[in-house]
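Throughout, read-outs are computed from the coordinates displayed, never taken from laboratory work. Quick caveat, the model's predicted, so the values are computed rather than measured. Positions of Cβ are backbone-derived with ideal geometry, glycine not excepted, and every protein chain shown enters the neighbour counts.
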Amino acid sequence: MEVEIRVVSDEIIRVRLAPQVVFLKDFSYAISSHEFRPSVFCCKETDDSFRVETNTFPV
């Protein structure tokens, strides 16, 4: 299994799952083709969690 986490903008964090290790075509009904840019983000990983923080979603 593969997981992809992408910070699209300060308000949008996209999570994709590929149970068979191969991702399908990158497509979303929820996200337009507009280019978003996050200003700042941080990723923190522990033994049992993965946390993504942006300016909008701080911990």
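Derived scalar couplings between HN and Hα for the stretch 48-53 equal 10, 7, 9, 10, 10, 10 Hz in order, rounded to whole Hz, by the Karplus curve 6.51 cos²θ - 1.76 cosθ + 1.60 (θ = phi - 60°), x for Gly and Pro. Taking 0.36 nm per residue of sequence separation and removing the Cα-Cα distance, the D10/C43 pair yields an extension gain of 10.6 nm. Ordered by the number of other Cβ atoms lying within 10 Å of each residue's own Cβ, fewest first, T46, T54 fall into the sequence T46, T54. Summarised as an ellipsoid, the chain has semi-axes of 21, 19, 7 Å, derived from the eigenvalues of the Cα gyration tensor scaled by 5 and square-rooted, with the largest first.
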